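A.B. asks: Have a look at this one.
The values are calculated or read from the model by the stated rules, or taken from the named source; none is laboratory data. What you see is a predicted model, and the numbers here were worked out from it, not measured in a lab. Heads up, the Cβs are rebuilt from the backbone with ideal geometry, glycines too, and the neighbour counts pull from every protein chain shown. Only protein heavy atoms, including side chains, enter the accessible area calculation; ligands, DNA and RNA are left aside. Shrake-Rupley method; radii C 1.70, N 1.55, O 1.52, S 1.80 Å.
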Amino acid sequence: RVEKLEKELENESIALMISQIQPHFLYNTLDTIYYLCGTDAGKAQKAVEEFSEYLRVNLSTLSSRKLVSFESEWKHVETYLKLEKMSSEDELQYVFDIQVSHFMIPVLSVQPLVENAVKHGLGKKRGGGTVLISTREFSDRYEIVVKDDGVGFDVNRKTQDKRVHIGIRNVKERISSLCGGTLEITSIPGEGTTA
């Protein structure tokens, strides 16, 4: 019975995480596709293809409780960033500095961090900014860094948006329980955030 309850709780956590796909991202992407249908059919078609892939990966994780390759997660992050860039024109820049990619991580553990960087860091900064995703291998661990040059925040101050904390807590718990990893977040108001 305990094992069954633990599985149900884990499934609820995953479902909660998936339910946090930000509505503004969905609406912005659909608005962008709508606009492109009238101005550039080729780009609209590409946007629909990217959006379909993004949703397919998110929805397929509802039943997945296993680790995925970092390369798979990286591809998903790139799809997300391409869609965001279509909506934000030139305000969003992104850089990949991937030194190592042959390791496994919990599904959707990087994408929510990138989404937070885009929405809460760069989305609130006039003129946008850049998000950097990098990986490194050490003798005892792999390290993934998501860094933005957005507005930053006081890590000790409570936020009004409880969903952000739930999403980050969910990622933190899954990284810890599925692969023994940790998630650390530092931020400087006016300079940016690093996860």
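A.B. asks: For the stretch 76-107, which residues satisfy the criterion of being surrounded by fewer than 23 Cβ atoms within 10 Å (Cβ to Cβ) and in contact with a Cys (Cβ under 8 Å, 6 or more places away or on another chain)?
C.D. replies: Across the stretch 76-107, the qualifying residues are M104, I105.
A.B. asks: So S69 clears everything in (1) at pLDDT below 85; (2) on the phi < 0 side of the Ramachandran plot; (3) not aromatic (F, W, Y) except one condition, right? Which one?
C.D. replies: Answer for S69: the failing condition is (1).
A.B. asks: Kindly establish whether S87 is at pLDDT below 90, outside any loop (DSSP other than H, G, I, E, B) and small (G, A, S).
C.D. replies: Considered against the rule, which asks whether it is at pLDDT below 90, outside any loop (DSSP other than H, G, I, E, B) and small (G, A, S), S87 comes out as yes.
A.B. asks: Right, here's the next one. Of the residues that make up the stretch 27-34, is at least one touching a Ser or Thr at 6+ places or on another chain (Cβ under 8 Å), of a type in the set (A, V, I, L, M, F, W, C), modelled with pLDDT of 85 or more and assigned to a helix (DSSP H, G or I)?
C.D. replies: No; the residues of the stretch 27-34 include none that is touching a Ser or Thr at 6+ places or on another chain (Cβ under 8 Å), of a type in the set (A, V, I, L, M, F, W, C), modelled with pLDDT of 85 or more and assigned to a helix (DSSP H, G or I).
A.B. asks: When the residues of the stretch 156-195 are narrowed to those that are more than 17 Å from K124 (Cβ to Cβ) and of a type in the set (S, T, N, Q), which ends up modelled with the lowest pLDDT?
C.D. replies: Looking at residues that are more than 17 Å from K124 (Cβ to Cβ) and of a type in the set (S, T, N, Q), I get N156.
A.B. asks: Condition first: closer than 28 Å to E49 by Cβ, in a loop (DSSP other than H, G, I, E, B) and of a type in the set (D, E). Can you find one or more residues in the stretch 91-104 that meet it?
C.D. replies: Within the stretch 91-104, one or more residues are closer than 28 Å to E49 by Cβ, in a loop (DSSP other than H, G, I, E, B) and of a type in the set (D, E).
A.B. asks: Taking the conditions exactly as written (over 28 Å from S87 (Cβ atoms) and open to solvent by less than 60 Å² (accessible area, probe 1.4 Å)), does G181 satisfy them or not?
C.D. replies: yes
A.B. asks: Yes or no: the stretch 108-129 includes at least one residue that is within 24 Å of E173 (Cβ to Cβ), hydrophobic (A, V, I, L, M, F, W, C), at pLDDT below 85 and crowded, with 20+ Cβ neighbours inside 10 Å.
C.D. replies: Yes, the stretch 108-129 has at least one match.
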